[in-house]
Amino acid sequence: MTTETTETAEVHEEHRTTLARMAVDAVIAVAACAERDLDRHAAQFGISDAKLEVLEVLSCCSGRRACLFSLGDRLGVTRPNITKLVDGLERQGLVTRVPHPVDRRMVQAQLTPDGAAVAAHALPGRVALMERAWASLDDDELERLVWMLRRAAAELVGARPQPRRRPADSTP
């Protein structure tokens with residue numbers, strides 16, 4: 001390798017490192033802003049955004065109930081975290097624990113009428129905040145961004161991405 005080629009490779013590597021740092025900083029900034037706005041919104045209803053997410057999932061479930069294990073999986077949180085979230089929602093009267101209809105060893109969280117009311121009032125605003133975060137992107141750009149972020153996340157965990165919908169114009 002010539003000196004010139006080595007210098008070019010080093011410049012490229014430095015540029016790549018700078019771009020990687022910029023990308024991480026941008027993702028962290030967007031996540032922090034979104035988290036702040038979503039938590040502020042949920043606080044208007046006396047709960048955290050994480051608890052509002054639980055209400056959202058339960059609102060979509062058959063019978064407005066789900067096993068804590070499956071709730072945790074859908075939300076990407078650990079069993080202790082979902083237990084803590086459901087405990088807090090139960091103390092607030094927004095969910096109740098009920099026995100599983102088939103497996104007596106399992107317990108489900110079920111949305112109460114008060115929980116359903118909070119969800120009905122809070123979720124439209126939550127959706128509006130999420131949409132506002134990406135308002136400057138058209139649908140194709142947003143789909144491509146989602147695909148790229150999933151690809152980066154998969155790289156971080158050492159797996160190849162399996163996007164649900166991959167934009168036609170993107171490259172692997």
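Can you work out which of the residues in the stretch 25-44 that are in contact (Cβ under 8 Å) with a residue 60 or more places away in the chain and hydrophobic (A, V, I, L, M, F, W, C) is surrounded by the fewest Cβ atoms within 10 Å (Cβ to Cβ)?
Filtering the stretch 25-44 for residues that are in contact (Cβ under 8 Å) with a residue 60 or more places away in the chain and hydrophobic (A, V, I, L, M, F, W, C), the one surrounded by the fewest Cβ atoms within 10 Å (Cβ to Cβ) comes out as 33.
Do we find a residue being farther than 30 Å from residue 100 by Cα and over 16 Å from the mean Cα position of the chain (by Cα) anywhere in the stretch 42-55?
Checked the stretch 42-55: at least one residue is farther than 30 Å from residue 100 by Cα and over 16 Å from the mean Cα position of the chain (by Cα).
Would you confirm whether any residue within the stretch 154-171 is outside any loop (DSSP other than H, G, I, E, B), modelled with pLDDT of 90 or more and out of contact with any Pro (no Cβ under 8 Å at 6 or more places or on another chain)?
So far as the stretch 154-171 goes, no, none of its residues is outside any loop (DSSP other than H, G, I, E, B), modelled with pLDDT of 90 or more and out of contact with any Pro (no Cβ under 8 Å at 6 or more places or on another chain).
Does residue 119 qualify as being at pLDDT 95 or above, more than 24 Å from residue 30 (Cα to Cα) and under 18 Å from the mean Cα position of the chain (by Cα)?
Against the criterion (at pLDDT 95 or above, more than 24 Å from residue 30 (Cα to Cα) and under 18 Å from the mean Cα position of the chain (by Cα)), residue 119 qualifies.
Looking at the stretch 36-66, which of its residues are more than 14 Å from residue 119 (Cβ to Cβ) and modelled with pLDDT under 95?
Within the stretch 36-66, 62, 63 meet the criteria.
Which one of the conditions (1) surrounded by fewer than 16 Cβ atoms within 10 Å (Cβ to Cβ); (2) without any contact (Cβ under 8 Å) to a residue 24 or more places away in the chain does residue 100 fail to meet, given that it meets all the rest?
Exception for residue 100: condition (2).
Considering every residue within the stretch 9-17, establish whether at least one is small (Gly, Ala, Ser) and either surrounded by 11 or more Cβ atoms within 10 Å (Cβ to Cβ) or in a strand (DSSP E or B) (or both).
Yes, the stretch 9-17 contains a residue that is small (Gly, Ala, Ser) and either surrounded by 11 or more Cβ atoms within 10 Å (Cβ to Cβ) or in a strand (DSSP E or B) (or both).
Keeping to the stretch 56-80, report how many residues are of a type in the set (Gly, Ala, Ser), over 12 Å from the mean Cα position of the chain (by Cα) and assigned to a loop (DSSP other than H, G, I, E, B).
0
If you go through the stretch 142-159 one residue at a time, do you hit one that is among the aromatic types (Phe, Trp, Tyr) and either within 23 Å of residue 35 (Cβ to Cβ) or surrounded by 15 or more Cβ atoms within 10 Å (Cβ to Cβ) (or both)?
Scanning the stretch 142-159 turns up at least one residue that is among the aromatic types (Phe, Trp, Tyr) and either within 23 Å of residue 35 (Cβ to Cβ) or surrounded by 15 or more Cβ atoms within 10 Å (Cβ to Cβ) (or both).
Hey, among 82, 47, which residue is in contact with a Gly (Cβ under 7 Å, 6 or more places away or on another chain) and surrounded by 17 or more Cβ atoms within 10 Å (Cβ to Cβ)?
82 is the lone residue from the list that is in contact with a Gly (Cβ under 7 Å, 6 or more places away or on another chain) and surrounded by 17 or more Cβ atoms within 10 Å (Cβ to Cβ).
The values are calculated or read from the model by the stated rules, or taken from the named source; none is laboratory data. Small disclaimer: the values here were computed from a predicted structure and weren't measured. Note that we place each Cβ from the backbone using ideal geometry, even for glycine, and neighbour counts take in every protein chain shown.
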